[in-house]
Amino acid sequence: MKTTYVRKRKRPMGCGLWPSYEWEADEFGTWLFTPAHSRHRGDDGAFCEVAQRWPGGPGEDALHLVPRDGWWFATWRPRGLLVADVSTQPVLVGDEWTYVDLELDPYRRPDGTVGTEDWDELAEAQAAGLIDDHEHRAAVEAAHTLEQQFTDGIEPFGTTGWTRLSEAIALELPPLTNFGNQPIT
């Protein structure tokens, strides 16, 4: 299975990078799978595990969806958490998916609670000029749309993502810890 990379950028600076298996593409976008205990590298050179249960804790399996056309990057985790980074539209450059985090994080928790975190961070980033008006409108719209889709179970946020996560885990792929020649920033 082909390995690709995901680079999450923050403004004005900062990024994280992790390897992932490129699983398949369909009408929803490109599905990536990162097995438990795979490594994440920050731009400061520090490593941690991808999809940690708590800061400093062990990483979980994570299924990611890069949408065909959307201002987000979604992740399903086996303990029932679905979360999306509202972001610029992810772009594939070479073997790396890159997006800029626009602060908002819509989620659906295992108990069914749906919401969005970090509205204050979006406001601060816009006030500081780190997010322009167009990006702000797109971020707000994406967060509201995702909340509604999470609530209503609109695919791929109904059974599709959870089924694909189970199928990916069943492959028993080894954790990814090699960053090849990928630069830190």
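Some points to look at:
- Number of the exception - D101 against (1) open to solvent by 60 Å² or more (accessible area, probe 1.4 Å); (2) at pLDDT 95 or above: (1)
- Screening region 58-158 for strands (runs of 3 or more DSSP E) wholly inside it with 1 or more residues that are under 15 Å from the mean Cα position of the chain (by Cα) and of a type in the set (K, R) returns the ranges 72-77, 105-108.
- Residue selected from region 19-29 under the condition of a type outside the set (S, T, N, Q) and more than 22 Å from I154 (Cβ to Cβ), by the criterion most open to solvent (accessible area, probe 1.4 Å): E22
- Residue in region 44-51 that is crowded, with 18+ Cβ neighbours inside 10 Å, over 25 Å from P12 (Cβ atoms) and touching a residue at least 24 places away in the same chain (Cβ under 8 Å) present: yes
- Region 96-132, residues that are of a type in the set (S, T, Y) and in contact (Cβ under 8 Å) with a residue 60 or more places away in the chain: T98, Y99
- Residue match in region 6-29 (condition: closer than 23 Å to S166 by Cβ, assigned to a loop (DSSP other than H, G, I, E, B) and in contact (Cβ under 8 Å) with a residue 12 or more places away in the chain): yes
- First in region 133-146 and surrounded by 13 or more Cβ atoms within 10 Å (Cβ to Cβ), second anywhere and assigned to a helix (DSSP H, G or I), Cβ under 6 Å, 6 or more apart: H136/Q126
- Answer residue from region 30-41, given it is open to solvent by 10 Å² or more (accessible area, probe 1.4 Å) and in contact (Cβ under 8 Å) with a residue 40 or more places away in the chain and is farthest from L63 (Cα to Cα) among those: R41
- Condition check for V66: out of contact with any His (no Cβ under 9 Å at 6 or more places or on another chain), surrounded by fewer than 13 Cβ atoms within 10 Å (Cβ to Cβ), within 28 Å of N181 (Cβ to Cβ) and modelled with pLDDT of 95 or more: no
The values are calculated or read from the model by the stated rules, or taken from the named source; none is laboratory data. None of the values given here were measured: they were computed from a predicted structure. Neighbour counts are summed over all protein chains in view; Cβ atoms, including those assigned to glycine, are modelled from backbone coordinates with ideal geometry. Ligands, DNA and RNA are excluded from the accessible area calculation, which covers all protein heavy atoms including side chains. Shrake-Rupley method; radii C 1.70, N 1.55, O 1.52, S 1.80 Å.
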